[in-house]
Amino acid sequence: MILRFGPLALVLLAATAWGQAMTPTRTAPPPTDARQAPARGINTETHPLPWGSPAAWQARRAELREQMLVAAGLWPEVERPPLQPHFVGEPIVRDGYTIERVWFETRPGMILGGNLYRPYPLEPDRQYPAVLITHGHGAEGRFVQSEISNTPARAISFAKFGAVAFSYDMIGYLDTGLGLDHYTFGKDQPIANLYGLSPLGLQTYNSQRALDFVCSLPEVDPTRLGVTGQSGGGTQTFMLCAVDDRPLVASPVVMVSLHMAGGCICENAPGLRVGTDNVQITALHSPKPLLLVAAKGDWTKNTPTVEGPYAKEVWALQGAPDNLDWVIFEAPHNNNLQSREAVYAFFGRHLFGATDLSAYREPAWTIEPDEDLLVFPDRQPPPGQWAEDAIWAAWRAQAQPDFGRLAELGIGLRHSLAVEPVAPSAALIGGTAPHLVLGRDGSGERVEATWQAPSQADAGAVVLLGQDADLARALAATGRGVLSVVPFAYDPPRDPHSDEFTGYNQTELACRVQDALTAVAALRARGFRRVELVGTGREAAVAVLAAAWADIDGLAADLGGLDVTDDSAYLGDLWQPSLRAMGDVRTAALLAAQRCDVRLGGVRGWSAAWAADGLSTSAAALSTTQVIETLSTARSRRVEGAK
């Protein structure tokens, strides 16, 4: 049978094909936006997340490692220069061990000091394991000697067991960062944060340099390294293992918890725990041996029922359930004799290879006067120790993006924003045109948008960011469909410069970038073969950032006079931790230009070093006519048939 259609029927068929393409998905977006829930913070209780399959965990592990490095200001990774350790005075010789005072510059302007404990006498040609000893936030630092904590006892014990032990300071304690205040160092440094710089990052880097130091000792076996510390030292322990594969055995003591993440500025950094928790961070050490030590009188009291079993799952997933263990004692927040000897026994088995653990009990040792252990007994900063402002300025200069490493900058930029590319199959669509609601499967996000259907077949569609009614009408007049996204805003407003907020939650800027990616995916999901992105006003930078990962065929954005060389230009609604270190809109535009033509107007300070085929920039503002001309002539370098 031959079907015949009149002109009106053909018009209706065309409208069905492309005029009403934004039909709802089977799964609707959520009724409320999960991002408007109370913000996460240090003391927010979190719940175990599924680890998935072994392959899923390996993929997640790689992502999480990158996130840790970006949050710590250590991405892209650079080669660390050789250390020049300085030994002060003569070794203290005791029964079975020696103690030495040592310092070295970890980076320009930062002096790290500590005590090196070695077995005595050292046997010629023998290779010894090495253990890093970190301390908590007690006023005595690495010298603490009390019933509930004793750091010298730990170092001496390991030396008498047959390991080289290095006990070193947190920043602002004793011999490390003399003249700096541990509790205020790095506080209220928004420009430093733009470059991913934080006390946590610098302390983590210091720990890496401490590993470099012990590995440089000829008697140390670099394949048998351990690290352990309590409380804030526990955070240092799992952070070092999160970013560095060299430790073989680890024990974070009274720290790993799902309801208290770490209360000091040195245990938090912007972006560090967005979408994750301390157990997942600790699991980056898996499947290597790790002991969780807990106390019934502090925030680790749930370890036997919550954190321990949660961690055990991922060790078991990798075939090594016996490499993860935990102990808990009836005690307050501590690293008492019971806790210390549990660590000794665990290291005895996994670091020393012992089967008889009876010898791994705390031995007798000599109490040394503090002044005999101090590297700088006059308490004056050495010439190589800089003041805080000079440290941040030097690090910021070193953290300038290297656009020759564009792919790595792109990875870092994505982790800075904590955004995810969105597949068309994950896009959710609801509402009734012109008022649509979008979402992303499994995210809990709800994105408000307005939709004007295309008036011409094959005209494509554009995602418009920025409330510009005249531009929307002009775009619609070209026959394109126009999807205008309502900018996300926290209600009530959140303080984006709060270390606690940004350490656990996305900024508004990041949420808006994610919403732009969702909007593009929604158009692809409904079969639009050509999708473009336009940004105007304060949303122009959002469009450029989203274009780094959006599946688009052209980008036009007017940045309103943004000077990309000026740090202060990013202190307002464009403030995003690590954004400047990862190349900000420059990286995003260069990545976008690999897939489509990009035209940026109203941008100042753009260097010829940031040029690329298909990327056009100008200080002059883009007119509506220029936006439309750009989209009409934009060349797409998308893979043919990609949605």
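Given the C-alpha centroids of segment 203-270 and segment 493-524, what is the distance between them in whole angstrom?
So the separation of the two Cα centres works out to 30 Å.
Using the Cα centre as the reference, give the magnitude of the dipole from point charges on the C-beta atoms of the chain (Lys, Arg: +1; Asp, Glu: -1; all else neutral), rounded to the nearest 20 debye.
2240
Can you give me the long-range amide H partners of Asp563? Hydrogens built in the peptide plane at 1.01 Å from N, cutoff under 5 Å, separation of 5 or more residues or another chain.
Here the answer is Arg604, since their amide H atoms fall under 5 Å of that of Asp563.
With Cβ to Cβ distances under 15 Å as the rule, what net charge do the other residues near Lys312 carry (K, R +1; D, E -1)?
So the environment of Lys312 carries a net charge of -3.
For a quick check of understanding: with a 1.4 angstrom probe and all protein chains in place, what accessible area in square angstrom does Ser425 have, to the nearest ten?
110
Label Ser425 and Arg405 with points 7 Å out from Cα along Cα→Cβ: what is the distance between them in nm?
Going by the 7 Å Cα→Cβ label model, 3.4 nm.
Please report the net charge: other residues with Cβ closer than 11 Å to the Cβ of Ile265, K and R +1, D and E -1.
Around Ile265, the surrounding residues sum to -4.
Ranking request for peptides 267-275, 453-461: highest mean number of other beta-carbon atoms within 10 Å first, then the rest in descending order.
Sorting 267-275, 453-461 by mean packing, highest first, produces 267-275, 453-461.
Please list, in order along segment 191-197, the HN-Hα scalar couplings obtained from phi with the Karplus expression 6.51 cos²θ - 1.76 cosθ + 1.60 (θ = phi - 60°), rounded to whole Hz, x for Gly and Pro.
Once rounded to whole Hz, the list reads 6, 4, 5, 4, 9, x, 9.
With +1 on each Lys and Arg Cβ and -1 on each Asp and Glu Cβ, and nothing else charged, work out how big the dipole of segment 465-506 is about its Cα centre, in Debye to the nearest 20.
That gives a dipole near 360 debye.
Using each residue's phi in segment 106-115, evaluate 6.51 cos²θ - 1.76 cosθ + 1.60 at θ = phi - 60° and report the 3J(HN,Hα) Karplus result to the nearest Hz, with x for Gly and Pro.
7, 7, x, x, 10, 9, 10, x, x, 10
Is the shape of the chain best called rounded, prolate or oblate, per the rule: a/c under 1.5 gives rounded, else a/b larger than b/c gives prolate, else oblate, with a ≥ b ≥ c the square roots of the Cα gyration tensor eigenvalues?
prolate
Which part of segment 231-264 falls in the paramagnetic zone of Glu140, meaning amide N under 19 Å from the point 7 Å along Cα-to-beta-carbon?
What the label zone holds, given the 19 Å backbone N cut-off, is 231-234, 253-254.
Tell me which aspartates and glutamates have Cα within less than 19 Å of Lys312's Cα, excluding those fewer than 8 residues away on the same chain?
Asp277, Asp322, Asp325
Give the residue from Ala56, Thr46, Leu83 lying farthest towards the positive end of the charge dipole for segment 44-98; charges sit on Cβ (+1 for Lys and Arg, -1 for Asp and Glu) and the dipole is referred to the Cα centre.
Ala56
Please give the calculated 222 nm ellipticity per residue for the chain, where each DSSP H segment of at least 4 residues contributes -39500 (n - 2.57) and the sum is spread over every residue; nearest 500 deg cm²/dmol?
Counting only the DSSP helices, I get -9000 deg cm²/dmol.
Quick one: grab the alpha carbon gyration tensor of segment 220-279, order the square roots of its eigenvalues as a ≥ b ≥ c, and give me rounded if a/c is under 1.5, else prolate or oblate depending on whether a/b is larger than b/c.
prolate
Specify which residue in the list Leu69, Gln398, Phe213 is farthest towards the positive end of the charge dipole of the chain, using unit charges on the beta carbon of Lys, Arg (+1) and Asp, Glu (-1), about the Cα centre.
The residue sitting most towards the positive pole is Leu69.
Which helices of the chain meet both criteria: a Cα extent of 24 Å or more along the helical axis and a mean Kyte-Doolittle score no lower than -1.0, with helices taken as whole DSSP H segments?
54-71, 199-216, 508-525
Counting Lys and Arg as +1 and Asp and Glu as -1, what is the net charge of the other residues whose Cβ lies under 12 Å from the Cβ of Met68?
Taking every other residue near Met68 into account, the sum is -1.
If amide H atoms are built 1.01 Å from N in the plane of the peptide, which residues on other chains or at least 5 residues away come under 5 Å of the amide H of Leu436?
The answer is Ala449, Thr450, Trp451.
Using the per-residue mean of other Cβ atoms lying within 10 Å as a proxy for protection, in what order, highest first, do the peptides 408-414, 219-225 fall?
So the order, starting with the most tightly packed, is 408-414, 219-225.
Mind checking which of Ala581, Val513, Ile628 is farthest towards the positive end of the chain's charge dipole, using Cβ charges of +1 (Lys, Arg) and -1 (Asp, Glu) about the Cα centre?
Ile628
Aspartates and glutamates within cross-link reach of Lys160: Cα-Cα under 14 Å, excluding same-chain residues under 8 positions apart?
The reachable aspartates and glutamates, counting only those whose Cα sits under 14 Å from Lys160, are Asp95, Glu123, Glu341, Glu362.
Quick one: with all protein chains in place, what share of the accessible area of the chain is carbon or sulfur, to the nearest percent (1.4 Å probe)?
Roughly 54 percent, rounded to a whole number.
Decide, for segment 103-156, between rounded, prolate and oblate: order the square roots of the alpha carbon gyration tensor eigenvalues as a ≥ b ≥ c, take rounded if a/c falls under 1.5, and otherwise choose prolate if a/b is larger than b/c, else oblate.
The shape class here is oblate.
Quick one: 3J(HN,Hα) in Hz for segment 130-140, Karplus 6.51/-1.76/1.60 with θ = phi - 60°, rounded, Gly and Pro as x.
Rounded to whole hertz, the list is 10, 10, 8, 10, 9, 10, x, 8, x, 4, 7.
Given charges of +1 on the Cβ of Lys and Arg and -1 on the Cβ of Asp and Glu, with all other atoms neutral, how large is the dipole of segment 145-275 about its Cα centre, in debye to the nearest 20?
About 200 debye.
The values are calculated or read from the model by the stated rules, or taken from the named source; none is laboratory data. This one's a predicted model, so the numbers in the text were calculated from it and none came from an experiment. As a convention, Cβ positions derive from the backbone with ideal geometry for all residues, glycine included, and neighbour counts pool all protein chains shown. Remember, those area values only see protein heavy atoms, side chains included, never the ligands or the DNA or RNA. Shrake-Rupley method; radii C 1.70, N 1.55, O 1.52, S 1.80 Å.
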